[in-house]
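Q: This is the structure I have questions about; it appears just below.
The values are calculated or read from the model by the stated rules, or taken from the named source; none is laboratory data. Everything quoted here is computed from the prediction, not taken from an experiment. Because the Cβ atoms are built from the backbone with ideal geometry, glycine has one as well, and the counts that use them run over all protein chains shown.
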Amino acid sequence: MTYMLWMMTDMKSPLPENIKKALDYHNKKYGTPPNILEYSNQLSGVPNFDGVESTAINFPKNLLLIGVKR
């Protein structure tokens, strides 16, 4: 699996908004909606997105890994 790394540069924006931007960007760039989201276990309140499997990992809190599981 190949991931796209997304850096959340505006940590003052709501977390769901930051994640939605990353998911939309992946879809636009690669033409495939992502179905994998990995985020820092330091984050709380990560929403569920339809069709996206979310997993907390030991990772910096301003980074997201977005990908497609085939």
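Q: Restricted to the stretch 27-46, and to residues that are in contact with a strand residue (DSSP E or B) (Cβ under 9 Å, 6 or more places away or on another chain) and hydroxyl-bearing (Ser, Thr, Tyr), which residue is farthest from residue 15 (Cα to Cα)?
A: 30
Q: Just to be sure, is residue 27 in a helix (DSSP H, G or I) and surrounded by fewer than 16 Cβ atoms within 10 Å (Cβ to Cβ)? Working first, answer last.
A: Working: in a helix (DSSP H, G or I): yes; surrounded by fewer than 16 Cβ atoms within 10 Å (Cβ to Cβ): yes.
Yes.
Q: Here's something else I'd like to know. All but one of (1) at pLDDT below 95; (2) hydrophobic (A, V, I, L, M, F, W, C); (3) part of a strand (DSSP E or B) hold for residue 1, so report the exception by its number.
A: (3)
Q: Condition first: among the basic types (Lys, Arg) and touching a residue at least 24 places away in the same chain (Cβ under 8 Å). Now tell me which residues in the stretch 8-37 satisfy that.
A: Start the filter on the stretch 8-37 by keeping residues that are among the basic types (Lys, Arg), which leaves 12, 20-21, 28-29.
Listed by number, the residues that qualify are 20, 29.
Results for (1) closer than 18 Å to residue 69 by Cα; (2) within 9 Å of the chain's Cα centre (by Cα), shown as yes or no for each residue.
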| residue | (1), (2) |
| --- | --- |
| 6 | yes, yes |
| 11 | no, no |
| 14 | no, no |
| 23 | yes, yes |
| 31 | yes, no |
| 40 | no, no |
| 48 | yes, no |
| 51 | yes, no |
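Q: Does residue 67 meet the test of being within 13 Å of the chain's Cα centre (by Cα) and on the phi > 0 side of the Ramachandran plot?
A: Details: within 13 Å of the chain's Cα centre (by Cα): yes; on the phi > 0 side of the Ramachandran plot: no.
Taking the combined requirement at face value, the residue does not satisfy it.
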